[in-house]
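K.L.:
Sending over a structure as structure tokens; questions will come in a sec.
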Amino acid sequence: MIATHQYLVAVIGAGPAGLFGARELANLGARVVLFNRDIKPGGLAEYGIYPNKYTMKSGLRKQFRQIMDNPNLDYYGNVTVGSQGDLTLDDLRALGFQAILVTAGAQGTKWLGLPGEDLEGVYHAKDVVYFYNGLPPYSQKPFRFGRRCAVIGAGNVMLDITHFLSREKKVDEVIAVVRRGPVEVKFDKKEMEYVIDNLDQAALDAEIQRVSPIMQAVDQDPITARASILEALPKALPRVSETRFRFEFLASPVQMIGDAEGKLTQVELEDNILVAKDGDTKAKGTGNKRRLDVETVIFAIGDKVDESFGLPVEWNEFVKNPNPHFPIDGKSYESPFEDVFVGGWSRQASSGLVGIARKDGTNASKVVWQYLQQTKQPIEPKAEAVAAKLKSLGKPIVLKEDIKKLEAMEIAETQKRGVEEFKYDNNDDMLQAMRLKETV
Ligand SMILES: Cc1cc2nc3c(=O)[nH]c(=O)nc-3n(C[C@H](O)[C@H](O)[C@H](O)COP(=O)(O)OP(=O)(O)OC[C@H]3O[C@@H](n4cnc5c(N)ncnc54)[C@H](O)[C@@H]3O)c2cc1C
Ligand SMILES: NC(=O)c1ccc[n+]([C@@H]2O[C@H](COP(=O)([O-])OP(=O)(O)OC[C@H]3O[C@@H](n4cnc5c(N)ncnc54)[C@H](OP(=O)(O)O)[C@@H]3O)[C@@H](O)[C@H]2O)c1
């Protein structure tokens, strides 16, 4: 039974943080309206997690379905919120929303401002990941995956991209370019299992030998670091290509070089040394530069939040109120605007797994609830005003029932095609499947 007077909250973004955050608020008794840029809910759980992690993805989808069924929650997909979006934060305020929780992930691109970033063949990981996970419009964009590819970074995203390049694109060579050394890699053993059979171990040994003096200068043990990287070997997934995977440690890209047609041909790297600082290490350029012949460079160095959203941004993240009214574990979930809150990757960009985003979204909602209780009175939510505003946008708006239709169609297609999973990868087909657009 839904109360006639409720707190009215807008949650922006239906990734894990937004969905679990919306559930928390709905369970506490708020009326929640979830606006999502993508047609489908799930965020990076749907469009980031590697496509063949079927069990994990279907388990998450099941949880998301249950959340979407909550009668205190409305879903509007295909709606972008932001200063350049379909609705601005002020539009939401004018519609009566008493608090706005931003869980829109980290949709900005962390460009480093290097020469040649605009060459064909230079990409950021998020775009590539969205591409191979079938998220429109990225799924429809042309990418140039050449025979030799450099991936910048040493996190799990670098390994996911290497997984794609070695097991799907079957390129000749993938070179992971890592600004610090073998001790500072951030990926997990489990993710390494997918690609370690493609790792050129002789090249790894030579590389570790090359950087050993630099490691030893900051009291690092190259032998332990090597063993840690190779921990995945006992459970290595047998390779399906001859792709040679190798590391270039202690190197940072300084420029990308292209041919007359604007296509990438080389990446220039600067060698680094390690400098101990505050109990950690930093990479410091030596001035020594060298070039690798590559046709593709993919930056897997994390993302930043969307600067065009309409909230102030500093250091790749939305600015948080440094003196929060409702801190949780010492963390601020509050933006500088008293009615706007942040959670998940919108609070801390590119940080942690789904479980962390879930907890963060839930915490953010607890903060929103405290704010509402202390400063607002429940109101009679005007669903019609929101519906009328959305109708005025003149574009198809996707509701909970539509998502159910879409999922049913995808399940039917999966069975018809006899594949592990079928997923529409363009908006027209999704809208047609939901009958929100006429078949042409
Ligand atoms: C390549 C990759 C692989 C990963 N693999 C794993 C894994 O195997 N296991 C694991 O546990 N974790 C994995 N993660 C981490 C996990 O995906 C994240 O922790 C989690 O998805 C972050 O959740 P979020 O809700 O904060 O943001 P997101 O998942 O990014 O969700 C953001 C949502 O906001 C919406 N949105 C964006 N902008 C707007 C806007 N302006 N208006 C309205 N809506 C908007 C988007 O449509 C999206 O639905 C992976 C991450 C990446 C990048
Ligand atoms: N399968 C999975 O479970 C899975 C898959 C993908 C992602 N995820 C999670 O999603 C989160 C994000 O992953 P991620 O790989 O994007 O981030 P990450 O783990 O933080 O790794 C980013 C890498 O980029 C490097 N880097 C950052 N800025 C750089 C710069 N300016 N120049 C050169 N290198 C730079 C970092 O080096 P420094 O260490 O020197 O900063 C680091 O090696 C992580 O929590 C990850 O575990 C999980």
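K.L.:
Using the Cβ atoms and a cut-off under 12 Å, what net charge is assigned to the surroundings of V319, where Lys and Arg are +1 and Asp and Glu are -1?
P.N.:
-2
K.L.:
Please identify every one of the GluC sites (Glu not before Pro) in the stretch 403-440 that sits in a loop by DSSP and has no more than 16 other beta carbons within 10 Å of its own beta carbon. Before the final figure, lay out each step's value.
P.N.:
Working: sites: E407, E410, E413, E420, E421, E438; in loops: E420, E421, E438.
Loop-located and lightly packed - E420, E421, E438.
K.L.:
Still on this structure, please answer the following. With every protein chain present, what is the per residue accessible area of the chain (1.4 Å probe, Å²)?
P.N.:
Working: 20120 Å² over 440 residues.
For the chain, the per-residue accessible area is 46 Å².
K.L.:
Place a +1 charge on the Cβ of each Lys and Arg in the stretch 297-440 and a -1 charge on the Cβ of each Asp and Glu, then give the dipole magnitude about the Cα centre in debye, rounded to the nearest 20.
P.N.:
360
K.L.:
Give, rounded to the nearest 20 debye, the magnitude of the charge dipole that the stretch 148-234 has about its Cα centre when Lys and Arg contribute +1 at Cβ and Asp and Glu contribute -1 at Cβ. All intermediate terms of the calculation are to be shown ahead of the outcome.
P.N.:
Values: 11 positive and 15 negative charges, 46 e Å.
My answer is approximately 220 debye.
K.L.:
Considering the dipole of the stretch 16-108 built from charges on the beta carbon (Lys and Arg +1, Asp and Glu -1) around the Cα centre, which of G108, L44, T55 is farthest to its positive end?
P.N.:
It is T55.
K.L.:
While we're here: What spacing in nm lies between the two simple spin-label points modelled at D259 and Q373, each 7 Å away from Cα in the Cβ direction?
P.N.:
For D259 paired with Q373, the spin-label model returns 6.6 nm.
K.L.:
What aspartates and glutamates sit close enough to K190 to cross-link, taking a C-alpha to C-alpha distance under 17 Å and skipping anything fewer than 8 places away on the same chain?
P.N.:
Filter leaves D160, E231.
K.L.:
Moving on to the next point. Once amide H atoms are placed 1.01 Å from N in the peptide plane, what residues at a sequence separation of 5 or more from D86, or on another chain, have their amide H within under 5 Å of its amide H?
P.N.:
So D86 has HN proximity to T80, V81.
K.L.:
What is the extension gain from D90 to S58, computed as 0.36 nm multiplied by their sequence separation minus the C-alpha to C-alpha distance, in nm to one decimal? List each step's numbers first, then the result.
P.N.:
Details: separation 32, 0.36 × 32 = 11.52 nm, distance 3.62 nm.
Once the chain is fully extended between D90 and S58, it gains 7.9 nm.
K.L.:
With charges only on Cβ, +1 for K and R and -1 for D and E, what is the dipole size of the stretch 259-331 about its Cα centre, in debye, rounded to 20? Before the final figure, lay out each step's value.
P.N.:
Numbers: 10 positive and 15 negative charges, 66 e Å.
The calculated dipole for the stretch 259-331 is roughly 320 debye.
K.L.:
Residues with amide H under 5 Å of I301's amide H, sequence separation 5 or more or different chain, H placed in the peptide plane at 1.01 Å from N; which?
P.N.:
Residues meeting the criterion, in which the H sits 1.01 Å from N, are A125.
K.L.:
Moving to a separate point now. Using the alpha-carbon centroid of each, what span in Å lies between the stretch 43-102 and the stretch 164-209?
P.N.:
34
K.L.:
How high is the relative contact order of the stretch 296-354, in percent, counting Cα pairs under 8 Å that sit 6 or more residues apart?
P.N.:
Details: 64 pairs, mean separation 18.0, N = 59.
Across the stretch 296-354, relative contact order equals 30 percent.
K.L.:
Here's something else I'd like to know. If each residue of separation counts as 0.36 nm, what is the full-extension length gain between R210 and K405 once their alpha-carbon separation is subtracted? List each step's numbers first, then the result.
P.N.:
Working: separation 195, 0.36 × 195 = 70.20 nm, distance 5.70 nm.
Extra length available between R210 and K405 comes to 64.5 nm.
K.L.:
Check which residues have an amide H placed less than 5 Å from G258's amide H, if you skip close sequence neighbours.
P.N.:
T265
K.L.:
From the backbone phi of the stretch 30-45, what are the Karplus-calculated ³J(HN,Hα) couplings (6.51 cos²θ - 1.76 cosθ + 1.60, θ = phi - 60°) in whole Hz, Gly and Pro given as x?
P.N.:
6, 8, 10, 10, 9, 9, 9, 4, 7, 5, 8, x, x, x, 5, 5
K.L.:
Something else about it: For the pairs K53/K169; K186/K289; K126/K405, flag any whose C-alpha to C-alpha distance is greater than 20 Å.
P.N.:
Values: K53/K169 18 Å; K186/K289 25 Å; K126/K405 28 Å.
Those over the limit are K186/K289; K126/K405.
The values are calculated or read from the model by the stated rules, or taken from the named source; none is laboratory data. Worth saying up front: this structure is predicted, and the values here are computed from it rather than measured. Don't worry about glycine lacking a Cβ; one is built from the backbone with ideal geometry, like all the others, and counts go over all protein chains shown. Note: areas computed on protein heavy atoms with side chains; ligands, DNA, RNA excluded. Shrake-Rupley method; radii C 1.70, N 1.55, O 1.52, S 1.80 Å.
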